[in-house]
1. Taking segment 62-72, which residues are touching a residue at least 24 places away in the same chain (Cβ under 8 Å) and surrounded by fewer than 20 Cβ atoms within 10 Å (Cβ to Cβ)?
2. In segment 90-108, what count of residues is obtained for those that are of a type outside the set (A, V, I, L, M, F, W, C) and surrounded by fewer than 10 Cβ atoms within 10 Å (Cβ to Cβ)?
3. Give Glu121, Glu117 a once-over and let me know the one that is more than 18 Å from Phe46 (Cα to Cα) and either in contact with a Pro (Cβ under 8 Å, 6 or more places away or on another chain) or not in a loop (DSSP other than H, G, I, E, B) (or both).
4. Do we find a residue being assigned to a loop (DSSP other than H, G, I, E, B), at pLDDT below 90 and either hydroxyl-bearing (Ser, Thr, Tyr) or under 17 Å from Asn27 (Cα atoms) (or both) anywhere in segment 92-102?
Amino acid sequence: MKTICALILILVIQPGYGQTDSVSTCNVFILRATGFTASARQFKIFVDGNLACKIQNNKYVVLELPPGKHSFAMQLDGKQLKQKTERREILTQEGKNYYLSSLLEMGAFSNRIRLDELSEESGHFRLKKLGKASCTR
């Protein structure tokens, strides 16, 4: 009887032995250096339509995401993504870094924030000039 219990215990424990629950991810760096314009305001970052973070001027955030297609947007006001807010879609791959830089375009009747994708070299260079933001909602 002890032998049967020991064998059952080994069979139950064995499949999980030595396995790790590592999830493959990628990093998306979002940079904000918009100069003096709207520098006192936090911009809202949306990932896949959901509010992910607020970011101050001259800061960056790192978002760890699963690989795949993701939609990014940034706006000045609101906790909900507005229909007219410009979106940037990126197909991400496991283990890679992606860099998005914000650009604030001021208009007579409205303001718009555009996210431009940067090369890894350019993104890393710009990152050095910014501080890391604590991601708040």
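The values are calculated or read from the model by the stated rules, or taken from the named source; none is laboratory data. This structure is a prediction, so every number in the text was calculated from the model and none was measured. Backbone-built Cβ (ideal geometry, glycine too); neighbour counts: all protein chains shown.
1. Matches in segment 62-72: Val62, Leu63, Glu64, Leu65, Pro66, Pro67, Gly68, His70, Ser71.
2. 1
3. When all the criteria are applied, what remains is Glu121.
4. Within segment 92-102, none of the residues are assigned to a loop (DSSP other than H, G, I, E, B), at pLDDT below 90 and either hydroxyl-bearing (Ser, Thr, Tyr) or under 17 Å from Asn27 (Cα atoms) (or both).
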